[in-house]
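The values are calculated or read from the model by the stated rules, or taken from the named source; none is laboratory data. Bear in mind that the values here come from a model prediction, so they are computed numbers and not experimental data. Note that each Cβ is placed from the backbone with ideal geometry, even for glycine, and that neighbours are counted across all protein chains shown. Side chains are part of the model used for accessible areas, which takes the heavy atoms of the whole protein and leaves out ligands, DNA and RNA. Shrake-Rupley method; radii C 1.70, N 1.55, O 1.52, S 1.80 Å.
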Amino acid sequence: MIRISTLALLCVFLAACGAKKAQQPTAATTTTPATTTASTTAAPPNGPSALQAEVAAAGAGDIPDNQVFVDYTGKSFTMKFPEGWAQSGRDDNVTFRDKNNIVRIVIVAGAAPTVASVQKEIASLKGARTTRTPTMLKLGGLPAVKATYETTSAPNAVTGKRLTLTVDRYELAKNGKRAIVDLGSPVGVDNVDAYRLMIQSLRLK
(Lines give C-alpha, C1' and ligand atoms only; values in the text may rest on other atoms or scores of the structure.)
Protein backbone atom coordinates (compact mmCIF):
# COMPACT_ATOMS: atom_id res chain seq x y z
CA MET A 1 0.00 0.00 0.00
CA ILE A 2 2.81 2.37 0.99
CA ARG A 3 4.71 1.42 -2.16
CA ILE A 4 1.68 2.22 -4.37
CA SER A 5 1.16 5.60 -2.67
CA THR A 6 4.81 6.48 -3.08
CA LEU A 7 4.65 5.55 -6.76
CA ALA A 8 1.52 7.68 -7.23
CA LEU A 9 3.15 10.68 -5.59
CA LEU A 10 6.21 10.26 -7.78
CA CYS A 11 4.04 10.27 -10.91
CA VAL A 12 2.22 13.43 -9.80
CA PHE A 13 5.58 15.14 -9.12
CA LEU A 14 7.01 14.22 -12.52
CA ALA A 15 3.84 15.35 -14.31
CA ALA A 16 3.95 18.72 -12.57
CA CYS A 17 7.60 19.23 -13.48
CA GLY A 18 6.90 18.37 -17.10
CA ALA A 19 4.01 20.86 -17.28
CA LYS A 20 6.14 23.63 -15.76
CA LYS A 21 8.96 22.92 -18.21
CA ALA A 22 6.54 23.05 -21.16
CA GLN A 23 5.42 26.55 -20.09
CA GLN A 24 8.97 27.94 -20.31
CA PRO A 25 9.68 28.98 -23.97
CA THR A 26 13.00 28.00 -25.43
CA ALA A 27 15.31 30.50 -27.20
CA ALA A 28 14.03 29.27 -30.55
CA THR A 29 10.38 29.89 -29.71
CA THR A 30 10.63 33.11 -27.67
CA THR A 31 8.85 36.00 -29.37
CA THR A 32 9.09 39.71 -28.64
CA PRO A 33 5.89 41.75 -28.86
CA ALA A 34 5.91 44.13 -31.82
CA THR A 35 6.38 47.78 -30.89
CA THR A 36 5.77 50.91 -32.93
CA THR A 37 7.85 54.04 -32.60
CA ALA A 38 6.53 57.38 -33.79
CA SER A 39 8.74 58.94 -36.43
CA THR A 40 10.35 62.21 -35.46
CA THR A 41 10.88 63.17 -39.08
CA ALA A 42 8.44 65.84 -40.17
CA ALA A 43 6.31 65.06 -43.19
CA PRO A 44 7.24 67.00 -46.32
CA PRO A 45 5.02 70.01 -47.00
CA ASN A 46 2.07 69.32 -49.23
CA GLY A 47 3.06 71.87 -51.82
CA PRO A 48 5.98 73.30 -53.82
CA SER A 49 8.95 75.20 -52.48
CA ALA A 50 9.43 78.93 -53.07
CA LEU A 51 10.36 80.10 -56.56
CA GLN A 52 13.91 81.38 -56.92
CA ALA A 53 15.65 83.26 -59.68
CA GLU A 54 18.62 81.74 -61.48
CA VAL A 55 21.34 84.32 -61.21
CA ALA A 56 23.12 82.81 -64.21
CA ALA A 57 20.05 83.25 -66.44
CA ALA A 58 20.51 85.85 -69.17
CA GLY A 59 18.86 89.20 -68.55
CA ALA A 60 15.44 90.16 -67.28
CA GLY A 61 12.63 92.13 -68.83
CA ASP A 62 8.91 92.75 -69.12
CA ILE A 63 6.75 90.37 -71.09
CA PRO A 64 6.16 92.28 -74.37
CA ASP A 65 2.71 93.62 -75.18
CA ASN A 66 2.58 91.57 -78.40
CA GLN A 67 3.31 88.29 -76.59
CA VAL A 68 1.26 85.37 -77.94
CA PHE A 69 -0.32 83.06 -75.37
CA VAL A 70 -1.19 79.41 -75.92
CA ASP A 71 -3.28 76.96 -73.90
CA TYR A 72 -1.60 74.33 -71.77
CA THR A 73 -3.64 71.36 -70.59
CA GLY A 74 -2.58 69.34 -67.58
CA LYS A 75 -4.40 66.41 -66.02
CA SER A 76 -6.41 68.64 -63.70
CA PHE A 77 -6.29 72.13 -65.21
CA THR A 78 -5.97 74.33 -68.27
CA MET A 79 -4.20 77.70 -68.40
CA LYS A 80 -2.65 80.09 -70.89
CA PHE A 81 1.13 80.37 -71.03
CA PRO A 82 3.43 82.57 -73.16
CA GLU A 83 4.34 80.93 -76.44
CA GLY A 84 8.05 80.13 -76.75
CA TRP A 85 8.85 79.99 -73.05
CA ALA A 86 10.99 77.05 -71.91
CA GLN A 87 8.98 74.29 -70.23
CA SER A 88 10.09 71.92 -67.49
CA GLY A 89 7.90 69.29 -65.87
CA ARG A 90 4.57 68.19 -67.26
CA ASP A 91 0.96 67.32 -66.47
CA ASP A 92 0.07 68.72 -63.01
CA ASN A 93 3.53 69.96 -62.07
CA VAL A 94 4.86 72.24 -64.76
CA THR A 95 7.04 75.36 -64.97
CA PHE A 96 7.46 77.87 -67.78
CA ARG A 97 10.24 80.44 -67.81
CA ASP A 98 11.83 83.12 -69.94
CA LYS A 99 14.98 84.57 -68.44
CA ASN A 100 13.88 85.07 -64.83
CA ASN A 101 10.18 85.45 -65.51
CA ILE A 102 8.88 82.19 -64.04
CA VAL A 103 5.40 80.67 -63.91
CA ARG A 104 4.72 77.40 -62.13
CA ILE A 105 1.54 75.47 -61.40
CA VAL A 106 1.36 72.46 -59.12
CA ILE A 107 -1.74 70.41 -58.32
CA VAL A 108 -1.80 68.47 -55.05
CA ALA A 109 -4.48 66.69 -53.03
CA GLY A 110 -6.09 69.02 -50.53
CA ALA A 111 -9.02 71.04 -49.32
CA ALA A 112 -9.80 74.65 -50.18
CA PRO A 113 -7.15 77.04 -48.85
CA THR A 114 -7.82 79.77 -46.30
CA VAL A 115 -6.02 83.02 -45.61
CA ALA A 116 -4.58 81.45 -42.44
CA SER A 117 -3.42 78.25 -44.17
CA VAL A 118 -1.69 80.14 -46.99
CA GLN A 119 -0.07 82.57 -44.57
CA LYS A 120 1.31 79.64 -42.55
CA GLU A 121 2.49 77.90 -45.73
CA ILE A 122 4.37 80.96 -47.02
CA ALA A 123 5.98 81.46 -43.62
CA SER A 124 7.34 77.90 -43.79
CA LEU A 125 8.93 78.29 -47.24
CA LYS A 126 12.71 78.36 -47.04
CA GLY A 127 14.11 81.70 -48.19
CA ALA A 128 10.70 83.33 -48.69
CA ARG A 129 9.77 86.70 -47.17
CA THR A 130 6.08 87.63 -47.08
CA THR A 131 5.53 91.10 -48.50
CA ARG A 132 1.74 91.20 -48.57
CA THR A 133 -0.89 89.69 -46.29
CA PRO A 134 -2.91 86.99 -48.09
CA THR A 135 -6.32 88.06 -49.34
CA MET A 136 -9.43 86.28 -50.64
CA LEU A 137 -10.66 86.66 -54.22
CA LYS A 138 -12.37 84.59 -56.90
CA LEU A 139 -10.84 82.86 -59.92
CA GLY A 140 -13.05 81.15 -62.47
CA GLY A 141 -15.94 81.32 -60.03
CA LEU A 142 -13.97 79.57 -57.28
CA PRO A 143 -12.79 81.14 -54.01
CA ALA A 144 -9.05 81.64 -54.01
CA VAL A 145 -6.29 83.11 -51.85
CA LYS A 146 -3.54 85.39 -53.12
CA ALA A 147 -0.25 86.04 -51.30
CA THR A 148 2.99 87.76 -52.30
CA TYR A 149 6.51 86.83 -51.24
CA GLU A 150 10.11 87.57 -52.27
CA THR A 151 13.17 85.37 -52.61
CA THR A 152 16.81 86.27 -53.30
CA SER A 153 19.06 84.18 -55.51
CA ALA A 154 22.49 82.89 -54.62
CA PRO A 155 25.28 85.33 -55.57
CA ASN A 156 26.65 85.30 -59.10
CA ALA A 157 30.00 83.48 -59.08
CA VAL A 158 31.63 86.28 -61.10
CA THR A 159 29.92 89.52 -60.08
CA GLY A 160 28.62 88.55 -56.65
CA LYS A 161 25.27 90.13 -57.52
CA ARG A 162 22.01 88.62 -56.31
CA LEU A 163 18.60 88.78 -57.97
CA THR A 164 15.40 89.32 -56.00
CA LEU A 165 12.25 87.69 -57.31
CA THR A 166 8.74 88.91 -56.43
CA VAL A 167 6.18 86.11 -56.56
CA ASP A 168 2.40 86.25 -56.50
CA ARG A 169 1.04 82.93 -55.24
CA TYR A 170 -2.57 81.93 -55.90
CA GLU A 171 -4.25 78.92 -54.32
CA LEU A 172 -7.67 77.43 -54.99
CA ALA A 173 -9.29 74.01 -54.90
CA LYS A 174 -11.86 71.84 -56.65
CA ASN A 175 -12.91 68.19 -56.29
CA GLY A 176 -10.35 67.49 -53.57
CA LYS A 177 -7.44 68.97 -55.54
CA ARG A 178 -5.60 72.17 -54.63
CA ALA A 179 -3.91 74.30 -57.27
CA ILE A 180 -0.86 76.34 -56.31
CA VAL A 181 0.20 78.90 -58.92
CA ASP A 182 3.38 80.97 -58.59
CA LEU A 183 3.94 83.93 -60.92
CA GLY A 184 7.44 85.35 -60.45
CA SER A 185 9.28 88.36 -61.87
CA PRO A 186 12.55 90.08 -60.96
CA VAL A 187 12.04 93.22 -58.88
CA GLY A 188 11.53 96.17 -61.23
CA VAL A 189 9.96 94.08 -64.01
CA ASP A 190 6.32 94.82 -64.80
CA ASN A 191 4.34 91.73 -65.82
CA VAL A 192 1.06 92.73 -64.19
CA ASP A 193 -1.09 92.61 -67.33
CA ALA A 194 0.38 89.40 -68.70
CA TYR A 195 0.17 87.60 -65.38
CA ARG A 196 -3.42 88.80 -64.88
CA LEU A 197 -4.36 87.29 -68.24
CA MET A 198 -2.73 84.02 -67.29
CA ILE A 199 -4.22 83.58 -63.82
CA GLN A 200 -7.67 84.56 -65.03
CA SER A 201 -7.45 81.87 -67.70
CA LEU A 202 -6.89 79.13 -65.10
CA ARG A 203 -9.61 76.48 -65.02
CA LEU A 204 -9.63 73.43 -62.77
CA LYS A 205 -11.28 70.26 -64.02
Please identify the pairs in which a residue from region 187-205 that is open to solvent by less than 20 Å² (accessible area, probe 1.4 Å) has its Cβ atom under 8 Å from the Cβ atom of a residue that is of a type in the set (Lys, Arg) and in a strand (DSSP E or B), counting only partners at least 6 apart or on another chain. 198/80
Count of residues meeting criterion [surrounded by 18 or more Cβ atoms within 10 Å (Cβ to Cβ) and more than 28 Å from residue 109 (Cβ to Cβ)] in region 157-181: 2
Can you name the number of the only condition in (1) hydrophobic (A, V, I, L, M, F, W, C); (2) open to solvent by 60 Å² or more (accessible area, probe 1.4 Å); (3) without any contact (Cβ under 8 Å) to a residue 12 or more places away in the chain that residue 154 fails? (3)
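With respect to residue 149, is the statement that it is in contact (Cβ under 8 Å) with a residue 60 or more places away in the chain, within 24 Å of residue 87 (Cα to Cα) and either open to solvent by less than 70 Å² (accessible area, probe 1.4 Å) or among the acidic types (Asp, Glu) (or both) true?
Yes.
For region 83-139, enumerate the residues that are acidic (Asp, Glu) and either in contact with a Gly (Cβ under 9 Å, 6 or more places away or on another chain) or surrounded by 13 or more Cβ atoms within 10 Å (Cβ to Cβ) (or both).
Listed by number, the residues that qualify are 91, 92, 98, 121.
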If I ask for residues that are among the polar types (S, T, N, Q) and touching a strand residue (DSSP E or B) at 6+ places or on another chain (Cβ under 9 Å), which ones from region 119-153 would you list? 119, 130, 131, 133, 135, 148, 151, 152, 153
Matching entry among 89, 141, 110 (being over 23 Å from residue 63 (Cα atoms), modelled with pLDDT of 90 or more and under 22 Å from the mean Cα position of the chain (by Cα)): 110
